[in-house]
Amino acid sequence: MSASAKVTTGYIRRGLSPDAGMTYFLPRLVGQAKAAEWILTGRDIYPEEAERTGLVNRMFPDAEFYDQVMKFAGELASGPPIAMTLSKRLLVASQDADLTTILKQEYAFIKQCFGTKDVQEGVQAFVEKREPVFRGE
């Protein structure tokens, strides 16, 4: 989030209830109490609070925003595609699954990862003290 941005849950200020999954996602991101406060007051949320509460990952000065976002996107894009995909699936599933189910999924997914060339590349890069180049293989 850029330092000059603000977001709002302002539906209530127009006599409306939230939509677009706000009452589903917001409590999961910031907790039930903070989500209720924001939704019921409709007040603006500024970057410092958004970052502190976990609504956003990071806040950057406006002048650095584009470069910092592109740097972060580059970090994500250079990751191992298969492991990234499986990790995202686990994160989504963890919202509704019990620990035993998630542990079983983690085990299955890490076994799947060990069968990829990306793991070989990751280990080789570690041994050679260099950054890995993942190809999604």
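Structure notes:
- Spin-label model, T8 to L103: label points 7 Å out along the Cα-to-beta-carbon direction sit 4.8 nm apart.
- By the rule of a C-alpha distance below 18 Å, with chain neighbours fewer than 8 residues away ignored, the aspartates and glutamates paired with K34 are D19, D44, E48, E49, E51.
- Summed over qualifying helices (DSSP H, 4 residues or more, each -39500 (n - 2.57)) and divided by its residue number, the chain shows a 222 nm mean residue ellipticity of -17500 deg cm²/dmol.
- Cα-based reach from K117 at 26 Å (exclusive), listing lysines while leaving out same-chain residues under 8 positions away: K71, K88, K104, K129
- Rolling a 1.4 angstrom probe over region 25-129 with all protein chains present gives an accessible area of which 62% lies on carbon and sulfur atoms.
- Per-residue ³J(HN,Hα) for region 53-61, Karplus 6.51 cos²θ - 1.76 cosθ + 1.60, θ = phi - 60°, Hz, x for Gly and Pro: 8, x, 5, 10, 6, 8, 10, 10, x
- Nonlocal amide H pairs with T8, under 5 Å, H built at 1.01 Å: I45
- Between the C-alpha center of region 14-41 and that of region 74-137 there is a gap of 32 Å.
- Residue by residue, region 39-47 carries 3J(HN,Hα) couplings of 5, 7, 9, x, 6, 6, 10, 9, x Hz when phi is fed to the Karplus relation 6.51 cos²θ - 1.76 cosθ + 1.60 (θ = phi - 60°); x denotes Gly or Pro.
- For E48, the solvent-accessible surface computed with a 1.4 Å probe is close to 100 Å², ligands and nucleic acids excluded.
- Considering only G115, A36, A50, the residue lying farthest towards the positive end of the dipole of the chain is A36, judged by Cα position with unit charges set on Cβ.
- In this rough spin-label picture, where each label sits 7 Å from Cα along the Cβ direction, the S78-Q124 distance is 1.8 nm.
- Over the chain, relative contact order from alpha-carbon pairs under 8 Å, at least 6 apart, %: 22 percent
- Accessible area expressed per residue, the chain, with surrounding protein chains retained (probe 1.4 Å, Å²): 71 Å²
- For Cα extents along the principal axes in Å, the candidate list reads (i) 49, 39, 32; (ii) 57, 43, 21; (iii) 39, 35, 29; the entry that matches the value derived from this model is (ii).
The values are calculated or read from the model by the stated rules, or taken from the named source; none is laboratory data. Note that the structure is predicted; figures quoted are calculated from it, not measured. A quick note on method: Cβ atoms are made from the backbone with ideal geometry, for glycine too, and the neighbour counts reach across all protein chains shown. Accessible surface areas use protein heavy atoms only, side chains included; no ligands, DNA or RNA. Shrake-Rupley method; radii C 1.70, N 1.55, O 1.52, S 1.80 Å.
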